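Asks: Quick one: structure below, then a few questions.
The values are calculated or read from the model by the stated rules, or taken from the named source; none is laboratory data. What you see is a predicted model, and the numbers here were worked out from it, not measured in a lab. Cβ sites come from the backbone with ideal geometry, for glycine too, and all protein chains shown count toward neighbours. These accessible areas exclude ligands, DNA and RNA; they are computed on the full protein's heavy atoms, side chains included. Shrake-Rupley method; radii C 1.70, N 1.55, O 1.52, S 1.80 Å.
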Amino acid sequence: MTDDLPGRFRASWDEIALLGRDADSGGYLRYALTEPELQLRAWFRAQAERRGLPVTEDGNGNLFAHWGDPEGTDAVLTGSHFDSVPHGGAYDGPLGIVSAFLAVDELRAAGVTPVRPLVVAAFVEEEGARFGVPCLGSRLLTGVLAADRAAGLRDAAGVSFAEALGGRPAGAHPELLGRFAAFVELHVEQGRALVDADAPVGVASAIWPHGRWRFDVVGEGNHAGTTRMADRRDPMLTYAFGVLAANKEARLRGAHATVGRVAVEPNATNAIPSRVTGWLDARAADPETLTGLVDAVRAKLAERARRDGTEVGFTEESVTPLVSFDGDLAGRLAGLLDAPVLPTGAGHDAGVLAAHLPTAMLFVRNPTGVSHSPAEAASDDDCAAGIRALARVLEELTCR
């Protein structure tokens, strides 16, 4: 393979490093189909053109760069996403796309000619930070999410996904999906397992079941200075109790619960809120534990609402079941790379695609263990190790 891969990774990485970066937080504001992400999509097209890879779209916002016949079958798919959570880290998503293009370079430099097509993908709205549904592009492609529902999803400014996309999404694309024989997604690790294992690269075994639930608490807006405490119907109290309940129930079950987003009306310092909306992100090692956690939070919210004189609505926005990646494929890749195998609590497009075709994930060591934050990190040497590992995997899958 070619020399100075860490340096070539850094040169490629620096081409996108400033796109969507917030100068104050150091994090990224790369929301799906907004200007920074559109610039990254243009970068994707330029990278593909530089390598002579034709680019196609699926009508859902997903991009595909093809090494081989775009209409060919038994293709191997790789790639990730560009979009970020608010003020997120640099590596979550883009690392998988940058690495895929550089893996193509590694294979070509080694004289490898795939006998089946290799396709690099950039999936739209993986984080769900703009339109509220994670893995939106892969859910549409696979038919997990109906096109009509996706079209009507709106961001905080009221812009619909269809408007941002430039038309109604195409929805399920079984013909395109049927051309793929496997999917491999490279991703920065969102934890410290590889640090503990002293390994630069790992192979995923499974993704915990997880989901998002919205709870709307309605009370009575009133004056903060004139309303007696005994007369209040304050939805903020119900909301706050719900946050604490989610934390307690998750700890009791060895699960994860997070309320990281809240909307308050009228959002005035001197006014008792009339409505508080929160979003619960819940994750667990198995479906039964996840269901028990969510049911307990729902029940405790309802109980507290009765005491506070408020009303609570609890709405499921998205749920992803337990994903066990193809065991034979994971074992094959772990043996090929001599890499540890580990589960993850984070969701990915690979988790959606795993229900439809053999799927695997590679993780690159994150020395901080922090993700969805500017503190997310990976060394150039470890990223180069990830590229080499991905290239070996892609050669194994496209040439054997």
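Asks: Taking the Cα centre of segment 294-384 as the origin, how large is its charge dipole in debye, to the nearest 20, when only Lys and Arg (+1) and Asp and Glu (-1) carry charge on their Cβ atoms?
Replies: Numbers: 7 positive and 14 negative charges, 96 e Å.
Magnitude of the dipole: close to 460 debye.
Asks: Additional query: In debye to the nearest 20, how big a dipole does the chain give about its Cα centre with +1 on each Lys and Arg Cβ and -1 on each Asp and Glu Cβ?
Replies: Working: 38 positive and 54 negative charges, 197 e Å.
So the magnitude is around 940 debye.
Asks: Taking a point 7 angstrom from the Cα of ALA156 along the C-beta vector, which residues in segment 86-126 have backbone N less than 17 Å away?
Replies: 86-89
Asks: Within 10 Å, count the other beta carbons around each residue, average over each peptide in 185-193, 61-69, and list them highest first. Intermediate results must be reported in sequence, preceding the final value.
Replies: Numbers: 185-193: 23.1, 61-69: 21.6.
Highest-to-lowest ranking by the protection proxy: 185-193, 61-69.
Asks: For VAL115 and LEU38, FRET efficiency with R0 = 45 Å and r from the beta-carbon atoms, rounded to 0.05?
Replies: Working: r = 35 Å, r/R0 = 0.78.
Between LEU38 and VAL115 the formula returns 0.80.
Asks: Out of PRO117, GLY152, GLY128, whose Cα points farthest toward the positive end of the dipole of segment 114-184 (charges: +1 Lys, Arg; -1 Asp, Glu; placed on Cβ)?
Replies: PRO117
Asks: OK, next. What is the extension gain from ARG108 to ARG45, computed as 0.36 nm multiplied by their sequence separation minus the C-alpha to C-alpha distance, in nm to one decimal?
Replies: Numbers: separation 63, 0.36 × 63 = 22.68 nm, distance 1.89 nm.
This chain segment gains 20.8 nm when fully extended.
Asks: Here's a follow-up. On a C-alpha basis, how far is the centre of segment 210-252 from the centre of segment 161-182 in Å? Whole number, if you could?
Replies: Answer, in whole Å: 39.
Asks: Please work out the average accessible area per residue across segment 144-229, using the 1.4 Å probe convention, and give it in Å². Working shown, then result.
Replies: Values: 3810 Å² over 86 residues.
Using a 1.4 Å probe on heavy atoms only, each residue of segment 144-229 averages 44 Å².
Asks: Need one word for segment 57-137: rounded, prolate or oblate. Basis is the Cα gyration tensor (sqrt eigenvalues a ≥ b ≥ c); a/c below 1.5 gives rounded, then a/b vs b/c decides. Mind dumping the intermediate values first?
Replies: On the way: a/c = 3.96, a/b = 1.66, b/c = 2.38.
Judged from the Cα gyration tensor, segment 57-137 comes out oblate (a/c at least 1.5, b/c at or above a/b).
Asks: Hey, could you grab the Kirkwood Rh for segment 1-143? Inverse mean 1/r over distinct alpha carbon pairs, Å, one decimal.
Replies: On the way: mean 1/r = 0.0639 Å⁻¹.
Kirkwood radius, segment 1-143: 15.7 Å.
Asks: Let me know the Rg and Dmax you get for segment 180-280 when you use only its Cα atoms, in Å.
Replies: That works out to 20.7, 66 Å for Rg and Dmax.
Asks: I would also like to ask the following. One quarter of the convex hull surface, Cα atoms only: what value does that give for segment 6-79 in nm²?
Replies: Values: hull surface 25.3 nm².
For segment 6-79, averaging the hull's shadow over all directions gives 6.3 nm².
Asks: For the chain, give the percent of accessible area contributed by carbon and sulfur heavy atoms, probe 1.4 Å, rounded to a whole number. Before the final figure, lay out each step's value.
Replies: Numbers: 8150 of 16190 Å².
Carbon and sulfur: 50 percent of the exposed surface of the chain.
Asks: Arranged from highest to lowest average of other beta-carbon atoms within 10 Å per residue, in what order do the peptides 233-240, 209-216 appear? Mind showing how you got there, number by number?
Replies: Values: 233-240: 22.8, 209-216: 20.5.
Highest-to-lowest ranking by the protection proxy: 233-240, 209-216.
Asks: Please state, as a whole number in µm²/s, the translational diffusion coefficient that the Stokes-Einstein equation yields for segment 267-366 at 10 °C and 1.306 mPa s, with Rh defined as the Kirkwood radius across alpha carbon pairs.
Replies: Numbers: Rh = 17.2 Å.
Result for D is 92 µm²/s.
Asks: Here's another thing I want to ask about it. Taking Rh as the Kirkwood radius computed over C-alpha pairs, what is the Stokes-Einstein D of segment 339-384 at 25 °C in a medium of viscosity 0.890 mPa s, expressed in µm² per second?
Replies: Values: Rh = 12.5 Å.
The estimated diffusion coefficient comes to 196 µm²/s.
Asks: Once Rh for segment 129-227 is found with the Kirkwood sum over Cα pairs, what is the Stokes-Einstein diffusion coefficient at 20 °C and 1.002 mPa s, in µm²/s? Present the calculation step by step, with values, prior to reporting the outcome.
Replies: Numbers: Rh = 17.8 Å.
The calculation lands on 121 µm²/s.
Asks: Quick one: which residues, 5 or more positions from LEU186 or on another chain, have an amide H under 5 Å from its amide H? H modelled 1.01 Å from N in the peptide plane, none for Pro or chain starts.
Replies: Sorted by chain and number, the residues that satisfy this are GLY79, LEU362.
Asks: Applying a 10 Å radius around every beta-carbon, put 146-153, 32-39 in order of their mean neighbour count, most first. Intermediate values should be presented prior to the final figure.
Replies: On the way: 146-153: 16.5, 32-39: 18.8.
Result, highest mean Cβ count within 10 Å first: 32-39, 146-153.
Asks: So what is the calculated 222 nm ellipticity per residue for the chain, using -39500 (n - 2.57) for each DSSP H run with n of 4 or more, over all residues, to the nearest 500 deg cm²/dmol? Kindly include the intermediate steps, with their values, before the conclusion.
Replies: Values: 13 runs with 146 residues, N = 400.
Computed mean residue ellipticity for the chain: -11000 deg cm²/dmol.
Asks: Calculate, in nm to one decimal, what ASP286 and ASP24 gain on full extension: separation in residues at 0.36 nm each, minus their alpha carbon distance. Before the final figure, lay out each step's value.
Replies: Details: separation 262, 0.36 × 262 = 94.32 nm, distance 3.89 nm.
Extending this stretch completely gives an extra 90.4 nm.
Asks: Once you have the alpha carbon radius of gyration of segment 244-288, what is it after dividing by 2.2 N^0.38 Å, with N set to its residue count? Let's see the in-between values first.
Replies: Values: Rg = 14.1 Å, N = 45, 2.2 N^0.38 = 9.3 Å.
Taking N as the residue count of segment 244-288, the ratio is 1.51.
Asks: Per residue, how much accessible surface does segment 276-388 expose to a 1.4 Å probe? Answer in Å², no decimals. Let's see the in-between values first.
Replies: On the way: 4500 Å² over 113 residues.
With the other protein chains kept in place, segment 276-388 gives 40 Å² per residue.
Asks: Answer with a single label: of (i) 20.1, 64; (ii) 22.3, 78; (iii) 21.0, 64, which was calculated as Rg and Dmax of the Cα atoms in Å from the structure in view?
Replies: Given (i) 20.1, 64; (ii) 22.3, 78; (iii) 21.0, 64, the calculated one carries the label (ii).
Asks: For Cα pairs less than 8 Å apart in space and 6+ apart in sequence, what is the mean separation divided by the residue count of the chain, i.e. the relative contact order in percent? Mind dumping the intermediate values first?
Replies: Values: 901 pairs, mean separation 89.3, N = 400.
Over the chain, the number comes to 22 percent.
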